[in-house]
Amino acid sequence: MAARGFDRVRRFRGRRFLNRCANHGRPRRAAPTVRAMKTIPITWRVFCAVELPHEIRAQLGDHIARLRKEVPDVAASWSRVENIHLTLKFYGNVEVDRIASISSAIERAGKDIAPFEIAIGKTGSFRSQVLWIGVSDPSEKLTTLHQRLGSEDRVYRPHLTIARIRTPDGARRFVDAHLQMKFEPVAVKVNQVILFRSELSPKGSKYTAISKHGLDG
């Protein structure tokens, strides 16, 4: 028994020796450099928008409820009423260090613009895929704000998205029902704009106000 035990120990030591020989001459892994250990920048998904009063949200909720009842079998992603805003500029994912400069730029954009009114009340769609409630800008101050914030190349068409159609089945009937359904026009006074943070999750988007900027022109 002792001899067998000695043989096992000898074989084990032999394998260790062979492994050392096999690894001899191989380059060792270099220790991680400072650059490799550098942390990934923290980013926030942010946008600038006009917040809607409770009365408008209630009217939007009523329109959505009537539309869902009218066409219940169409697959669509519905906007949560509490999350509907009038977007002026979507910045996307930006490093947290840039938030302060973005906030300052928004403050400068509205510096000499006095509070103004917009009108909400027209139904429409984009390519039979997105349903929206339109926004008119008679004073053109909303458009001016959008341009000062760094407008995109395309024409600014302010609107409130209420649904996105997921499949083409029944899409035309869905869009027609939306277009034929009246949305009573209402005036909304704009006296501030807000920089929001958007956090995505399986339960939906969560919006948190980062900074508020009053119009004092």
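The values are calculated or read from the model by the stated rules, or taken from the named source; none is laboratory data. Worth saying up front: this structure is predicted, and the values here are computed from it rather than measured. Positions of Cβ are generated from backbone atoms using ideal geometry, with glycine treated the same way; all protein chains shown enter the neighbour counts.
Here are Ala209, Ala177: which of them is exposed (fewer than 12 other Cβ atoms within 10 Å of the Cβ), out of contact with any Ser or Thr (no Cβ under 6 Å at 6 or more places or on another chain) and either at pLDDT 95 or above or in a helix (DSSP H, G or I) (or both)?
Ala209
Please go through segment 116-131 and pick out each residue that is part of a loop (DSSP other than H, G, I, E, B) and exposed (fewer than 14 other Cβ atoms within 10 Å of the Cβ).
Arg127, Ser128
Take the conditions exposed (fewer than 14 other Cβ atoms within 10 Å of the Cβ), modelled with pLDDT under 95 and either of a type in the set (Phe, Trp, Tyr) or in a helix (DSSP H, G or I) (or both) and apply them to Arg172. Does it pass?
So Arg172 fits the description; yes.
Pick out the one residue from Val46, Val135, Val50, Val94 that is within 30 Å of Glu184 (Cα to Cα) and in contact with a Lys or Arg (Cβ under 9 Å, 6 or more places away or on another chain).
Val135
For residues that are farther than 11 Å from Leu88 by Cα and surrounded by fewer than 19 Cβ atoms within 10 Å (Cβ to Cβ), scanning just segment 154-169, find the one that is farthest from the chain's Cα centre (by Cα).
Filtering first and then ranking leaves Asp169.
In the set Ser139, Ser151, which member is more than 15 Å from the chain's Cα centre (by Cα), at pLDDT 95 or above, surrounded by 12 or more Cβ atoms within 10 Å (Cβ to Cβ) and hydroxyl-bearing (Ser, Thr, Tyr)?
The unique qualifying residue is Ser139.
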